[in-house]
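A.B. asks: Let me give you the structure first, and then I'll get to my questions.
The values are calculated or read from the model by the stated rules, or taken from the named source; none is laboratory data. This is a predicted model, so every value here is computed, not measured. Neighbour counts run over all protein chains shown; Cβ positions are idealised from the backbone, glycine included. We work out accessible area using only protein heavy atoms, side chains counted, and drop any ligands, DNA or RNA first. Shrake-Rupley method; radii C 1.70, N 1.55, O 1.52, S 1.80 Å.
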Amino acid sequence: MASEDATGGVNIDTMHQFMVRPLFGEGAVHWYTPTNVTLWMGIAVLCTVLLLVMGTRGRAIVPSRIQSVAELAYGFVYKMVEDVSGRDGLKYFPYIMSLFIFIVFANFLGLIPGAFTTTSHLAVTGTMALAVFIGVTVLGFVKHGASFLSLFWITAAPLALRPILAVIEVISYFVRPVSHSIRLMGNMMAGHAVMKVFAGFAGVLGVGAVFPVVAIGAIYALEFLVAFIQAYVFAILTCVYLRDALHPHH
Amino acid sequence: MATELETAAAAGHAAEAVGMPQLDFSTYPNQIFWLVVTLFAIYFVLSRIALPRIGAVLAERQGTISNDIAAAEELKLRAQEAERAYEKALADARAEAQRIVAETKAEIKADLDAATAKADAEIAARSAEAEKQIAEIRAGALESVSEVARATTADVIAAMGFRAESGAVDAAVDGKLKG
């Protein structure tokens, strides 16, 4: 979306793609209004069903291609939860799998030109990060009671350093949801915005547009990688937080 | 065209008016509501249908694979057993053959021994008989000699013109023959 300003400069509106709009007509966005968020999240759910339910309908011992992908996703997240959170973390595997699958599909769907990237919004990533943070903290206190606080009391350190470390640990603990959410949202938003900037250049450069177009191709490939890696990072951090809740004693 | 650009620009300015759409808090309830709905839907689909199914398929496959491996292991064991049985049968057959050979050898030897013994006995009997005959013949010969000597003596005496008593001649001849 490039439009020439009154001043003659190039005004590339990189943020327009992130607008939340009602699907039908114009007007205010109420909490219940079906918006483009609804649409793309719905498509993500549809993709989930297609891959993990329709794809595995055969229950074949020798899997079809789609079933292979579904099994790969299952095995990937299952192993991650087992390795990072430990065997007792496997009880929470469906939650982490749900988060991972949603983020993966939201990220990849956002790469379709003209699509709306739901995970590029702080409201979405922040809600998920807060849910993880609150869930993990509550779980820690339920499982270990007050001894969950030993997570912040690092017995490996010299006694004199421990209070200072405890303060740092507490701060870092409460910063977790912030970094957890902004990492994903920032990656998604930045990638899409950069592509939009290059697209804007291509619009005004005429024949020279070859360079921005090549750059868009390169960035698109990078974004493809980022889309997966960020979902992976979100899921593995969730596993790490879960491990801290299950085994708070260092 | 111009109006289109203008509306686009206007939309852009409208967007700029609120800054980053990510920080437009008026859309937060909407996004959070739909996110919660979406996550519940995905969680429901995953926990009720997809994950148990995939887990079951993976477990079944694992089971099939380990079953196949176990079956292969068992077949291998059976093959080894069969080989052992074959080797045992072979060894048994060899032993049996050897036993038969030895038995036959012993039998033949016994037969042979019996035959030899019988032959030896026969030979002994025959030689004893022969010896007896020889002795008889010898005895016969001696007798003849004395008879001839007596007769000759009697004849010689008679020819010389004497009359000899037969008893005296016999005694004289016997005495000479023995002497």
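A.B. asks: Averaged per residue, what accessible surface does segment B:25-178 expose to a 1.4 Å probe, in Å²?
C.D. replies: Details: 11550 Å² over 154 residues.
On a per-residue basis, segment B:25-178 sits at 75 Å².
A.B. asks: Same structure again: Pop the C-beta distance of residue B:83 and residue A:91 into the FRET formula with R0 = 51 Å and round what comes out to the nearest 0.05.
C.D. replies: Numbers: r = 50 Å, r/R0 = 0.98.
With a Förster radius of 51 Å, E is 0.55.
A.B. asks: Which value, to two decimals, describes the C-alpha radius of gyration of the protein assembly as shown once divided by 2.2 N^0.38 Å?
C.D. replies: Normalised by 2.2 N^0.38 Å, the Cα Rg of the protein assembly as shown equals 2.68.
A.B. asks: While we're looking at this one, here's another question. For residue B:178, go through the aspartates and glutamates and keep the ones whose alpha-carbon is under 15 Å away, minus same-chain ones fewer than eight residues off.
C.D. replies: Counting by Cα, and skipping residues close in sequence, residue B:178 has these aspartates and glutamates nearby: B:143, B:147, B:170.
A.B. asks: Rounded to a whole number, what % of the accessible area of chain A do carbon and sulfur atoms account for, probe 1.4 Å? Could the numbers behind the result be given before it?
C.D. replies: On the way: 8860 of 12090 Å².
Percent of accessible area from carbon and sulfur atoms in chain A: 73.
A.B. asks: Further question on the same structure: Can you give the alpha-carbon Rg of segment A:45-182 over 2.2 N^0.38 Å, where N counts its residues?
C.D. replies: Working: Rg = 19.3 Å, N = 138, 2.2 N^0.38 = 14.3 Å.
This ratio for segment A:45-182 stands at 1.35.
A.B. asks: When chain B is modelled as a GNM with alpha-carbon springs shorter than 10 Å, which of B:78, B:99, B:48 fluctuates the most?
C.D. replies: Fluctuation is largest for B:48.
A.B. asks: With axes computed from alpha carbons, what is the tilt in degrees of helix A:162-205 against the longest principal axis of chain A, rounded to the nearest 10 within 0 to 90?
C.D. replies: For A:162-205 against chain A, the angle is about 10 degrees.
A.B. asks: With solvent modelled as a 1.4 Å probe, how much accessible area in total do chains B and A shield from it at their shared surface, in Å² to the nearest 100? Mind showing how you got there, number by number?
C.D. replies: Working: alone 15330 and 13950 Å², together 25310 Å².
Rounded to the nearest hundred, the buried surface is 4000 Å².
A.B. asks: I've got another one for you. Give the angle, between 0 and 90 degrees and rounded to the nearest 10, that separates the Cα long axis of helix B:166-178 from the longest principal axis of the Cα atoms of chain B.
C.D. replies: For B:166-178 against chain B, the angle is about 50 degrees.
A.B. asks: Projecting each Cα onto the charge dipole of segment B:25-178 (Lys/Arg +1, Asp/Glu -1 at the beta carbon, about the Cα centre), which of B:130, B:112, B:162 comes out farthest on the positive side?
C.D. replies: About the Cα centre, the residue reaching furthest to the positive side is B:112.
A.B. asks: Mind pulling the angle between the C-alpha long axis of helix A:93-110 and the longest principal axis of chain A? Nearest 10 degrees, somewhere in 0 to 90.
C.D. replies: Tilt relative to chain A: about 20 degrees.
A.B. asks: I'd like the FRET efficiency for residue A:83 and residue A:23, computed as 1/(1 + (r/R0)^6) with the beta carbon distance as r and R0 of 41 Å, rounded to 0.05.
C.D. replies: Given R0 = 41 Å and the Cβ-Cβ separation, E is 0.50.
A.B. asks: What's the extension gain from residue A:46 to residue A:149 if we count 0.36 nm per residue and subtract their Cα-Cα distance? Provide the component values of the computation, followed by the final result.
C.D. replies: Numbers: separation 103, 0.36 × 103 = 37.08 nm, distance 4.13 nm.
Working it through step by step, the gained length comes to 32.9 nm.
A.B. asks: Using θ = phi - 60° and the Karplus relation 6.51 cos²θ - 1.76 cosθ + 1.60, list the HN-Hα couplings for segment A:156-161 in order, rounded to whole Hz, with x at every Gly or Pro.
C.D. replies: Along segment A:156-161, the couplings run 6, 8, x, 4, 5, 7 Hz.
A.B. asks: Please report, as a whole percent, how much of the solvent-accessible surface of segment B:25-178 comes from carbon and sulfur atoms (probe radius 1.4 Å). Walk me through the numbers before you get to the answer.
C.D. replies: Numbers: 7290 of 11550 Å².
For segment B:25-178, the apolar C and S fraction of the accessible surface comes to 63 percent.
A.B. asks: Right, something else. Once you put a point 7 Å from the Cα of residue A:193 and another 7 Å from the Cα of residue B:141, both along the Cβ direction, what distance in nm separates them?
C.D. replies: 15.5 nm
A.B. asks: Treat each spin label as a single point 7 Å out from the Cα along the C-beta direction, and report the residue B:65 to residue B:91 distance in nm.
C.D. replies: Those two pseudo-labels are separated by 4.0 nm.
A.B. asks: Using only DSSP helix segments of four residues or longer, with each worth -39500 (n - 2.57), what per-residue ellipticity at 222 nm results for chain A after dividing by its residue count and rounding to 500?
C.D. replies: Details: 6 runs with 156 residues, N = 250.
Per the formula, -22000 deg cm²/dmol.
A.B. asks: As an exercise, use a Förster radius of 51 Å and the Cβ-Cβ distance of residue B:49 and residue A:172 to find the FRET efficiency, rounded to the nearest 0.05.
C.D. replies: On the way: r = 38 Å, r/R0 = 0.75.
It comes to 0.85.
A.B. asks: Then there is this: How large is the dipole of the protein assembly as shown about the Cα centre if only Lys and Arg carry +1 and Asp and Glu carry -1, each at its Cβ, rounded to the nearest 20 debye? It would help to have the intermediate numbers written out before the result.
C.D. replies: Numbers: 32 positive and 39 negative charges, 284 e Å.
In debye, rounded to 20, the protein assembly as shown gives about 1360.
A.B. asks: So for chain A, considering every pair of alpha-carbon atoms, how many percent are separated by more than 28 Å?
C.D. replies: Cα-Cα pairs in chain A separated by more than 28 Å: 47 percent.
A.B. asks: Same structure again: What is the log10 of I(q)/I(0) for segment A:115-182, computed with the Debye formula using one identical point scatterer on each Cα and no solvent, at q = 0.17, 0.20, 0.22, 0.26 Å⁻¹?
C.D. replies: Those come out to -0.71, -0.86, -0.94, -1.08, one per q.
A.B. asks: Expressed in whole Å with the largest first, what are the equivalent ellipsoid semi-axes of chain B derived from the C-alpha gyration tensor as the square root of 5 times each eigenvalue? Show your work: numbers first, answer last.
C.D. replies: Working: eigenvalues 4581, 44, 17 Å².
Sorted largest first and rounded, they come to 151, 15, 9 Å.
A.B. asks: Shifting gears a bit: In a Debye calculation with equal point scatterers on the alpha-carbon sites of segment B:92-179 and no solvent, what is log10 I(q)/I(0) at q = 0.12, 0.23 Å⁻¹?
C.D. replies: Scattering profile of segment B:92-179, log10 relative to I(0): -0.63, -1.04.
A.B. asks: What are the ³J(HN,Hα) couplings of segment B:87-97, residue after residue, when phi is run through the Karplus curve with 6.51, -1.76, 1.60 and θ = phi - 60°? Round to Hz, x for glycine and proline.
C.D. replies: Those phi angles translate into 5, 5, 4, 4, 4, 4, 4, 4, 4, 4, 4 Hz.
A.B. asks: Okay, next question. Taking only the C-alpha atoms, wrap a convex hull around segment A:101-250 and report its volume per residue in Å³ as a whole number. Each step should come with its number before you reach the end.
C.D. replies: Numbers: hull volume 18.9 nm³, N = 150.
It is 126 Å³ per residue.
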